[in-house]
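The next block holds one structure in the form of structure tokens; read it before the comments.
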Amino acid sequence: MLNRSPRNVDRAARAPWLACTAAMSIVLVLASGVAFAQGGLGPRPPKPEPKPKPEPKPKPKPPSKPQLGQVFGADLADGVRIELAYITPGSFAMGSATGDEDDRTVHGVTLTRPFLLGRYEVTQAQWTAVMGSNPSHFTGDSTLPVESVSFDDVQAFLAKLNAETGGGWRLPTEAEWEYACRAGSIGEYAGELIPMAWFDANSDETTHAVGGKKPNAWGLYDMHGNVWEFCSDWFGPYSAEPQTDPTGPSGGTERVYRGGSWNFFSRLCRSSFRDGYAPDVKFNDLGFRLVKDVR
């Protein structure tokens, strides 16, 4: 039997270790290959966060269309303001089959343009702010309607107001006035008269602060009673033919006034009642209401 030399013994003893080391090397090489195939050794770097998509810009909303009766305010002078109601275009039957001779011819009218109409009759405070003085017979409250003014006086007021504010102020046409007074109604009045109007039966023979009675369906006050209101038209007979944006006769001797007053009986407060005065006539029950053109 051959003796194992120390060298042989050493080799024999090292053989299992060498085999184990070789096996581990193979495993490490294989693991390295797998890691390399997966993107390298060590932990995988985190994926970059996706960039947030920018929020779409909201589309600008178109300006809202004014609604019938919507209230707008405007400065007149010296901090004095006026409230106006937006009146939309429309059609109505003008006149009354049971009316007087001057308003008995019922005819269709179409208004094609919107306009702003004063919610109240022009007050003494508003007149004074523009003109610098108060011509009214009844005083003591600046919210009383201005009266004792003629059609010509009103034109002077409008000329000054337009010069100071950039224009667009005027009187309503007769058709605009009746359309707004009726506010969609078809009877003699825009509602029950006593809650809506100051006239001879309840006025105590004086004017009253504007807005003290019930408004019509479009938010307009004192369209019946308190003081008569000038319109821009010359007074003349109606045509039976349908009309579009009528402005009355081209000439005449009297200007239309509407609405009744504190000094007259209820029949003259009807929505369709009409009469005329010479342009220089003034009374203590005669005033007006403003229109502002919509631009």
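The values are calculated or read from the model by the stated rules, or taken from the named source; none is laboratory data. Treat the numbers as computed from the prediction; the structure is a model and nothing was measured. Glycine also receives a Cβ, built like all others from the backbone with ideal geometry; neighbour counts cover every protein chain displayed. Calculation scope for accessible area: heavy atoms of the full protein, side chains included, ligands and nucleic acids excluded. Shrake-Rupley method; radii C 1.70, N 1.55, O 1.52, S 1.80 Å.
Separation between the residue 88 and residue 244 pseudo-spin-labels, each 7 Å from Cα along Cα→Cβ, expressed in nm?
Inter-label distance under the simple model: 2.0 nm.
Listed here are the pairs 61/160; 65/160; 160/282; 61/214; which of them are more than 26 Å apart at the Cα?
Values: 61/160 38 Å; 65/160 31 Å; 160/282 20 Å; 61/214 36 Å.
From the list (61/160; 65/160; 160/282; 61/214), the Cα-Cα distance tops 26 Å for 61/160; 65/160; 61/214.
First check a/c for the range 74-214, with a ≥ b ≥ c the square roots of the eigenvalues of its C-alpha gyration tensor; if it is under 1.5, answer rounded, and if not, answer prolate when a/b is larger than b/c or oblate otherwise. Please report the intermediate quantities before stating the final value.
Numbers: a/c = 2.00, a/b = 1.33, b/c = 1.51.
Cα axes put the range 74-214 in the oblate bin.
At 0.36 nm per residue, minus the direct Cα-Cα distance, what do residue 106 and residue 72 gain on full extension? Give it in nm, one decimal, please. Before the final figure, lay out the partial values.
Values: separation 34, 0.36 × 34 = 12.24 nm, distance 3.24 nm.
Full extension of this stretch gives 9.0 nm more.
With all protein chains present, how much of the accessible area of the range 45-119 (probe radius 1.4 Å) comes from carbon and sulfur, to the nearest whole percent?
Numbers: 3130 of 5500 Å².
C and S atoms contribute 57 percent here.
Work out the FRET efficiency for residue 98 and residue 59 from their Cβ-Cβ distance, taking R0 = 41 Å, and round it to the nearest 0.05. Numbers along the way, then the final one.
Working: r = 54 Å, r/R0 = 1.32.
It comes to 0.15.
So what is Rg over Rh here for the range 247-287, counting just Cα atoms and using Kirkwood for Rh?
On the way: Rg = 11.2 Å, Rh = 11.4 Å.
On the Cα set of the range 247-287, Rg over Rh gives 0.98.
Could you give the distance between the Cα centres of the range 96-173 and the range 46-78, to the whole Å?
37 Å
For the range 113-260, what is the accessible area per residue in Å², given a 1.4 Å probe and the full set of protein chains? All intermediate terms of the calculation are to be shown ahead of the outcome.
Numbers: 5790 Å² over 148 residues.
So the range 113-260 comes to 39 Å² accessible per residue, rounded to a whole number.
Modelling each spin label as a point 7 Å along the Cα-to-Cβ direction, I'd like the residue 163/residue 47 distance in nm, to one decimal.
Reported label-point gap for residue 163 and residue 47 is 7.8 nm.
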